[in-house]
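The structure appears right after this line, and notes come after that.
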Amino acid sequence: DAKTTQPNSMESNEEEPVHLPCNHSTISGTDYIHWYRQLPSQGPEYVIHGLTSNVNNRMASLAIAEDRKSSTLILHRATLRDAAVYYCILRDDNAGNMLTFGGGTRLMVKP
Amino acid sequence: DGGITQSPKYLFRKEGQNVTLSCEQNLNHDAMYWYRQDPGQGLRLIYYSQIVNDFQKGDIAEGYSVSREKKESFPLTVTSAQKNPTAFYLCASSIEVFTYEQYFGPGTRLTVT
């Protein structure tokens, strides 16, 4: 199974951009990169996903390295409500694997 | 509003008792899932269901059972055979089992003493 590596925790100041890194050096050509986040005492929520190209949506941007061995989730202006655990997950579109959640990165946002 | 509901939010049981956790969705999704989360850990898949009357074991199915008699409902029973049942249980659904976006419920925190 392809695995991801994320820092355990990161800090950011409110209204500043946040770059959350994820390494996935064993990624295969059919693995999609997904990001979910989990606010305290809640279920996870989908943030964004991509395969090769950078992706943008209303919540965040996903920057994928050219060799696909790493990616970065970008929150353009962090708010206090963005404090959560962010999970970077690989899903093999061909194998139909379920989402496998690792430990994630705990993002703390300071006012 | 469409979504997933789990009830109750907190549940307390004595050791040796079976307990059933409720999960209902009105999103018209075919696929449903149960995950377990322990403090400071990621989620682990217990069971999933692709369609009514069908379900498959996930990574940690031992000590758990499920049913899928209706599209909207996917209850999870934590049996007395589950050695460490105290955890946060999350239900999710998706349009199909292999689609990218799963919608999660608010979770049920089960404490067994």
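The values are calculated or read from the model by the stated rules, or taken from the named source; none is laboratory data. Predicted, not measured: the structure shown is a model, and the values here were computed from it. Every residue, glycine as well, gets a Cβ built from its backbone with ideal geometry; the counts of neighbours run over all protein chains shown. Accessible surface is based on the protein model in full, side chains and every heavy atom, while ligands, DNA and RNA are left aside. Shrake-Rupley method; radii C 1.70, N 1.55, O 1.52, S 1.80 Å.
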Check on residue B:40, within 14 Å of chain A (Cβ to nearest Cβ) and either part of a loop (DSSP other than H, G, I, E, B) or acidic (Asp, Glu) (or both):
yes
Residues of segment B:85-113 being farther than 23 Å from residue B:2 by Cα and free of Cβ contacts under 8 Å to residues at least 24 places away in the same chain, in sequence order, are none
Scan of segment A:74-86 for residues that are surrounded by 15 or more Cβ atoms within 10 Å (Cβ to Cβ), closer than 25 Å to residue B:38 by Cα and without any contact (Cβ under 8 Å) to a residue 60 or more places away in the chain, ordered by number:
A:83, A:84, A:85
Residue hits (segment A:17-68; part of a loop (DSSP other than H, G, I, E, B), surrounded by 13 or more Cβ atoms within 10 Å (Cβ to Cβ) and among the charged types (D, E, K, R)) are A:68
Among (1) modelled with pLDDT under 95; (2) open to solvent by 90 Å² or more (accessible area, probe 1.4 Å); (3) over 18 Å from residue A:101 (Cα atoms), where does residue B:8 come up short?
(2)
Which residues, counting only those in segment B:86-106, are farther than 16 Å from residue A:46 by Cβ and either of a type in the set (A, V, I, L, M) or surrounded by 21 or more Cβ atoms within 10 Å (Cβ to Cβ) (or both)?
B:87, B:89
Which numbered condition residue B:61 misses (of (1) within 27 Å of residue A:48 (Cα to Cα); (2) assigned to a loop (DSSP other than H, G, I, E, B))
(1)
